[in-house]
Amino acid sequence: MLSSTPTSFHHRTTLTPSPSLLSTPLPSSSSTHHPLRQFSFHTRPLGLRCHTQFPLTPKTLKVNCSTREPLKVMISGAPASGKGTQCELIVQKFGLVHISTGDLLRAEVAAGTEIGNKAKEFMNAGHLVPDEIVTAMVAARLSRDDAKQKGWLLDGYPRSLGQAQSLEKMQIRPDVYIILDVPDEILIDRCVGRRLDPVTGKIYHLKFFPPQDEEIKARLVTRPDDTEEKVKSRLNIYKQNAEAASSSYSNIAHKIDGSHSKEKVFKEIESVLSQLQQDKVKIMKSGEKSILDTKKGQTSLSQDKWRGIPTRLNNIPHSREIRKYFYDDVLQATQRAVNDGKTRLKVDINIPELNPEMDVYRIGTLMELVRDLALSFADDGKRVKVCVQGSMGEGALAGMPLQLAGTRKILEFMDWGDYGAKGTFINIGSIGAAEVEEQDDMYILVAPQNAVGNCIIDDLRAMTNAAEHRPVILINARLKDLPGSSGIMQTMGRDQRLKYAASFESCYFFRLLYYAGTQYPIMGAIRMTYPYQYELYKRVDESPGKEKYVILSTFPQRPTTDEINDAFQGKPSNETRKASGIWGFLSGIL
Ligand code: AP5
């Protein structure tokens, strides 16, 4: 806060970038005219992070960014939460221009500019440098061509409400706002042990990442603001401002547990950014370019466009737009998995209209999903067999699950397009080994499940065995114990069923979250699309009738009830916790 700053500098304000700022060496990773390149390494300012000035290892895989709209990423977190460390990795993988306000300021200090001299006092005291200085620096850096062309990664800005508002005024918005969440005691340990290489700008840690090379070890330096006392003060200032600074980005915020190893943390970030990049490409391809425009009054992709969770899912019937969104989401995940050579796949999609536990279940939606999926693979030249199990059992025990009654007929009579796909590229069949024919390329099995007294497992296994290397995709399979229409529990072949179901890899998962024992209101959702992680969303009501979904966390495996509880309560997932509370019910449906 200005009132607690050590000088009266705040009386002198300027919001336009000063000439000295524009001519000061800027710690950007990717500028070809980087002023630092004119100097020897030894003149580089202390602790500067200049990531892509170093040759990338041959192993480094760069994402091909075919979109014309590059990524815009903000990363925030307490001092020493690992922002700089993760930025190194993000830059290597995604080629974004890294803009760290800490680095920009340290460069000014090292260059002895007027701004640097003023900033130094604040920085060394562990206080925030006045907004006007920092904002002008950021604005100048973001306006450069490399940032516009390659996309940017803003690290350590905005750090106050004022800074966030300044960005809003300039209509600068990120696609995603990543928050690294790390407990205080770890932060202090990380800060006190941090060492910087003044030659390369690389970040080390005495305990966690000590350099192997003796020469490097000998030249490492400590940042003047890395004493325990100053770290505590920086941490307090961070806490006072964090919520206000991030409030503008709650709908695109992505909180990540930063206490894990740097590789694990990066994996999560990578998953988020890759998904975002794919979404952008998808939208560009489908001609929805207007969403990406950053013209006056318009906002970026993630802010306005659903990313995984369309809103108003309680409105039944779901709008055509919502249904289409989910069909596309399932389709893309499934195609990615099939293209990766996966052959035993399952899709679990439980929006209200596809959830047989809800009264609003609509068989037409399931049929439409299956048709979209089948036609899309057929468009790629594959011969797809869509299969629905027939009646099982004999005599009084003959029958089929209620959910599937009449579905085969519906499939037969559906509109399969004008080009005669049905009978050539699309065929309708049943479930069993006899259905597998030589010309088939893949199989889509519609909600295979048990009926009272009958178990589908043997037919299913025989069919997948006969299909051999060909993909078999189960849509909303229900192979666990199910009560039949009379309430009788089907338990026959239980162990076999569960083992068999587990042999299919999940390529799509979506389920809404509710309070214990209710189906209203929606509290959040879980989504996974192959090959990305499980995303946990929380529903937030901005104003009556206006809702949005905010990503709370991601998980490599489907999250447990405790993990969901922790994320909803804002606890790091490694914290020990009591038995499940209000979300306890979720274990039953997960
Ligand atoms: P800045 O340089 O941005 O400092 P900070 O936000 O306090 O963050 P740090 O650089 O300390 O930490 P980091 O999160 O980058 O962690 P790192 O990757 O290095 O800003 C400095 C000062 O400039 C501010 O105090 C302020 O005065 C001023 N300033 C900057 N921006 C401003 C703004 N917008 N407005 C006003 N003033 C501003 O990691 C830390 C250590 O942990 C390292 O040793 C690393 O090796 C280790 N480590 C990292 N990840 C892991 C891991 N996963 N496991 C184990 N160790 C890890």
Q) Does residue 196 fit the bill of being within 14 Å of the ligand (Cβ to nearest atom), at pLDDT 95 or above and closer than 29 Å to residue 150 by Cα? A) no
Q: Looking only at region 169-181, decide whether some residue is part of a helix (DSSP H, G or I), in contact (Cβ under 8 Å) with a residue 40 or more places away in the chain and either within 12 Å of the ligand (Cβ to nearest atom) or touching a strand residue (DSSP E or B) at 6+ places or on another chain (Cβ under 8 Å) (or both).
A: no
(Q) Go through (1) closer than 22 Å to residue 128 by Cβ; (2) near the ligand (Cβ under 10 Å from one of its atoms); (3) without any contact (Cβ under 8 Å) to a residue 40 or more places away in the chain for residue 190 and report which single condition fails. (A) (3)
**Q.** Residue satisfying all of: in region 110-148; within 9 Å of the ligand (Cβ to nearest atom) and assigned to a loop (DSSP other than H, G, I, E, B); surrounded by the fewest Cβ atoms within 10 Å (Cβ to Cβ) among these
**A.** 125
Q. Going through region 85-109 one residue at a time, which ones are more than 20 Å from the chain's Cα centre (by Cα) and either part of a helix (DSSP H, G or I) or within 7 Å of the ligand (Cβ to nearest atom) (or both)?
A. 100, 101, 102, 103, 104, 105, 106, 107, 108, 109
Q | Residues that are within 13 Å of the ligand (Cβ to nearest atom) and in contact with a Phe, Trp or Tyr (Cβ under 8 Å, 6 or more places away or on another chain), drawn from region 210-261 | A | 210, 211, 220, 246
Q | residue 366 vs. criteria buried (at least 20 other Cβ atoms within 10 Å of the Cβ), at pLDDT 85 or above and out of contact with any Phe, Trp or Tyr (no Cβ under 6 Å at 6 or more places or on another chain) | A | yes
Q.
If the requirement is being in a strand (DSSP E or B), among the polar types (S, T, N, Q) and more than 8 Å from the ligand (Cβ to nearest atom), which of these qualifies: 166, 76?
A. 76
**Q.** Scope region 149-163; condition assigned to a helix (DSSP H, G or I) and modelled with pLDDT of 90 or more; matching residues
**A.** 149, 150, 163
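The values are calculated or read from the model by the stated rules, or taken from the named source; none is laboratory data. Keep in mind the model is a prediction, meaning the values are calculated, not measured. So basically every Cβ, Gly included, is an ideal-geometry build from the backbone, and we count neighbours across all protein chains shown.
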